[in-house]
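Reviewing the structure listed below.
The values are calculated or read from the model by the stated rules, or taken from the named source; none is laboratory data. All figures in this text were calculated on a predicted structure; none of them were measured in a lab. Note: ideal-geometry Cβ built from the backbone for every residue, glycine included; neighbour counts use all protein chains shown.
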Amino acid sequence: MDFDVAVIGGGVGGLAAAVRAAEAGKKVAIVEKDQLGGECINRACIPSKTLIDAVKLLSRTERANWIKKGNDSELSLDYNALNAYKTQIIDRIRLNLQRTLEKYSVTVINGKGEVQHEGEVKVGNKTITTDKMIISTGSVPISIPDFPLNGKNVLDPWSAMNLPYVPPKVIIVGGGVAGVELATLFRAMGKEVTILELMPRLLPVPGLDKDVASTVKSRLEEKGIKIYLQAKSKVTSSDGKVRFHVETPSSTEDVEGDLAVITIGRKAVTDGIDLNSIKVNVDKRGYIITNEKAMTSNPKVYAVGDVTGVPQSATKAWKQGLVAGDNLTGRSSSMPKYMPLSIFADLEIGSVGKSIDDLKAEGVDGKEILVKMEDIPRAWTLNEPHGFFKLIVGKDGKILGAHMVGEGATEVINTISMAMELSSTVNSLYPVTFSHPTVTEVISEAVQRAVAGEMY
């Protein structure tokens with residue numbers, strides 16, 4: 001047998017699984033047809049956050065009236081230089097990953113991995129044998145009849161974000177995580193941005209607090225982004241300009257732009273893998289079904305990341321990869337009960353667990369502790385006192401969820417996720433001290449208000 005473990009797909013989930021298995025002494029191979037790091041490192045998470053943070057820095061500088069800006073009082077973005085910087089960041093992270101793989105003697109095989117029989121992976125003309133297998137092949141955008149991708153001016157999110165030049169008018173289909181982040185990026189670049197969302201609210205993400213969504217909508221609109229909700233839309237032409245027919249409960253109109261970004265519609269990548277032959281079950285949408293240990297219906301086959309369905313995030317993929325690596329090497333490990341969500345919009349968003357509306361719908365007693373960011377001193381020193389933090393607390397004081405919109409929300413939410421995973425209550429967190437002045441004091445303030453009374 002050539003390897004103890006063969007990982008098909010070198011995205012973040014596959015990398016995590018490979019390293020964890022190799023750390024435990026297993027002989028591991030990764031089969032990757034493109035570049036190590038997958039979508040997250042090369043085209044999605046890392047490049048998008050690099051670009052968004054850069055344009056947010058520009059925006060923050062523009063509203064800081066104590067910074068001298070020269071005679072023309074204008075700041076400008078060198079998009080070519082920013083793209084070069086983005087490429088440097090990607091290369092650096094990928095190099096770090098390659099060094100880690102080398103450190104643990106993980107064999108990287110370039111090519112498309114195909115599976116016809118259990119324990120065998122074919123790569124080109126070569127077949128390797130393995131005791132256990134991890135499928136980490138990800139997902140890809142699909143072209144929907146109403147929004148046909150054409151590779152020119154109707155693009156998927158990551159193709160659009162990696163364009164060397166973004167035209168003046170951008171229409172984004174879908175007001176979910178990717179849609180909101182891209183709208184933030186393109187508007188900060190001075191583009192005219194429109195969002196078309198089918199649902200009654202922006203960010204129709206399960207569990208996300210509705211007030212967070214409405215606050216983000218207001219903020220984006222203040223920035224000049226036009227948002228259509230309950231919008232039934234379709235591309236009517238894409239010859240030169242992209243034209244949409246848009247119907248809402250109150251109007252019917254045609255909307256025109258230079259570029260359309262379609263953020264809805266993905267499918268699992270399993271072509272070349274005979275799942276039936278290796279007895280791996282899938283759901284009705286073709287995603288591989290796994291249990292809490294990342295194991296499929298075949299105990300010798302694990303699956304991690306987007307190929308296992310929603311949530312399709314690098315956050316899940318990293319953890320699922322570690323869980324798979326643990327379990328196939330004999331260390332018992334399970335997926336967490338709670339998965340934090342981070343959205344890098346103009347105002348950051350963090351969410352984990354239940355909202356107060358979720359509790360009401362389930363008939364569960366609980367309360368919502370609200371802290372406005374303007375109550376937290378650090379928010380003022382950062383010149384970003386907008387937004388709020390909500391802590392959802394059960395009748396017994398157990399923390400059931402948290403939702404934040406504001407500076408630092410993507411970091412703050414991880415602390416709450418940890419507390420929830422440890423079944424913490426507000427009483428058990430009451431003695432904990434957060435350093436001052438920090439954004440994370442918003443947690444301390446919410447706990448103080450839940451147990452005793454407000455400080456700020």
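Kindly provide the set of residues from region 244-263 that are of a type in the set (A, V, I, L, M, F, W, C) and either under 29 Å from Val121 (Cβ atoms) or surrounded by 20 or more Cβ atoms within 10 Å (Cβ to Cβ) (or both), ordered by number.
Within region 244-263, Phe244, Leu259, Ala260, Val261, Ile262 meet the criteria.
Here is a list: Val19, Val106, Val12. Which entry is touching a Cys at 6+ places or on another chain (Cβ under 7 Å), within 30 Å of Lys132 (Cα to Cα), among the aliphatic types (A, V, I, L, M) and surrounded by 11 or more Cβ atoms within 10 Å (Cβ to Cβ)?
Val12
Failed condition for Asp209, given (1) at pLDDT 95 or above; (2) farther than 23 Å from Ser313 by Cβ, with all others met?
Failing condition for Asp209: (2).
Only one of Thr194, Thr252 is in a strand (DSSP E or B), modelled with pLDDT of 95 or more, closer than 24 Å to Pro47 by Cα and of a type in the set (Ser, Thr, Tyr). Can you tell me which?
Thr194
Which one of these is buried (at least 17 other Cβ atoms within 10 Å of the Cβ) and among the polar types (S, T, N, Q): Ser143, Ser136? Walk me through it before giving the result.
Values: Ser143 fails: buried (at least 17 other Cβ atoms within 10 Å of the Cβ).
When all the criteria are applied, what remains is Ser136.
Given Lys367, Lys395, Lys354, which one is assigned by TED's automatic domain parsing to the domain that holds Ser428, more than 23 Å from Ile278 (Cβ to Cβ) and within 21 Å of the chain's Cα centre (by Cα)?
Lys354
Given the criterion of a type outside the set (Asp, Glu) and under 27 Å from Gly11 (Cβ atoms), identify the matching residue among Val193, Val177.
Details: Val193 fails: under 27 Å from Gly11 (Cβ atoms).
None of the others qualify; the one that does is Val177.
With Pro200, Pro164, Pro206, Pro168 as the choices, which residue is surrounded by fewer than 16 Cβ atoms within 10 Å (Cβ to Cβ), touching a strand residue (DSSP E or B) at 6+ places or on another chain (Cβ under 7 Å) and in the same structural domain as Ser238 (by TED's automatic domain parsing)?
Residue meeting the stated conditions: Pro168.
Assuming Thr215 fulfils every condition listed in (1) under 30 Å from Leu359 (Cβ atoms); (2) free of Cβ contacts under 8 Å to residues at least 40 places away in the same chain; (3) surrounded by 19 or more Cβ atoms within 10 Å (Cβ to Cβ) apart from one, which condition is it?
(2)
List, please: which pairs have Cβ atoms under 7 Å, are six or more places apart or on different chains, and start with a residue in region 40-65 that is closer than 17 Å to Asn80 by Cβ and end with one that is of a type in the set (A, V, I, L, M, F, W, C) and crowded, with 20+ Cβ neighbours inside 10 Å?
Pro47/Met161; Leu51/Met161; Leu51/Leu185; Val55/Leu185; Val55/Ala188; Leu58/Ala188
Consider Leu196 carefully, then state whether it is farther than 25 Å from Ser76 by Cα and among the aliphatic types (A, V, I, L, M).
Yes; evaluated as a whole, the condition is true for this residue.
Please go through region 111-160 and give me each residue that is aliphatic (A, V, I, L, M) and within 17 Å of Asp271 (Cα to Cα), ordered by number.
Val115, Val121, Val123, Met133, Ile134, Ile135, Val140, Ile142
Only one of (1) in a helix (DSSP H, G or I); (2) more than 24 Å from Ile93 (Cβ to Cβ); (3) out of contact with any helix residue (DSSP H, G or I) (no Cβ under 6 Å at 6 or more places or on another chain) is not met by Ser59, so which one is it?
Here Ser59 clears every test but (3).
Would you mention how many residues in region 437-456 are assigned to a loop (DSSP other than H, G, I, E, B), of a type outside the set (A, V, I, L, M, F, W, C) and over 28 Å from the mean Cα position of the chain (by Cα)?
The qualifying residues number 4.
Quickly run through region 200-217 and pick out the residues that are assigned to a helix (DSSP H, G or I), among the aliphatic types (A, V, I, L, M) and touching a Lys or Arg at 6+ places or on another chain (Cβ under 7 Å).
Ala213 - this is the single residue of region 200-217 that is assigned to a helix (DSSP H, G or I), among the aliphatic types (A, V, I, L, M) and touching a Lys or Arg at 6+ places or on another chain (Cβ under 7 Å).
In this structure, is Thr50 over 30 Å from Thr129 (Cβ atoms), surrounded by 17 or more Cβ atoms within 10 Å (Cβ to Cβ) and in the same structural domain as Gln312 (by TED's automatic domain parsing)?
Considered against the rule, which asks whether it is over 30 Å from Thr129 (Cβ atoms), surrounded by 17 or more Cβ atoms within 10 Å (Cβ to Cβ) and in the same structural domain as Gln312 (by TED's automatic domain parsing), Thr50 comes out as yes.
Please go through region 218-240 and pick out each residue that is surrounded by 15 or more Cβ atoms within 10 Å (Cβ to Cβ) and assigned to a loop (DSSP other than H, G, I, E, B).
Listed by number, the residues that qualify are Ile225, Leu229, Ala231, Ser238.
Select the helices (runs of 4 or more DSSP H) contained entirely in region 370-436, then report the ones holding at least 3 residues which are closer than 18 Å to Val352 by Cβ.
Those helices (runs of 4 or more DSSP H) span 409-421, 426-429.
Any idea which of Met295, Met335 is under 26 Å from Leu400 (Cα atoms), of a type outside the set (Val, Ile, Thr) and touching a residue at least 12 places away in the same chain (Cβ under 8 Å)?
Details: Met295 fails: under 26 Å from Leu400 (Cα atoms).
Criteria check complete, one pass: Met335.
Take the residues in region 430-454 that are out of contact with any Ser or Thr (no Cβ under 7 Å at 6 or more places or on another chain) and crowded, with 22+ Cβ neighbours inside 10 Å, then tell me which one is farthest from Leu57 (Cα to Cα).
So the residue we want is Val447.
Cβ contacts < 9 Å: first residue under 7 Å from Lys390 (Cα atoms), restricted to region 368-379; second residue hydroxyl-bearing (Ser, Thr, Tyr), any location; separation 6+ or different chain. Result?
Between residues of region 368-379 that are under 7 Å from Lys390 (Cα atoms) and residues that are hydroxyl-bearing (Ser, Thr, Tyr), the close pairs are Glu368/Ser355; Val371/Tyr456.
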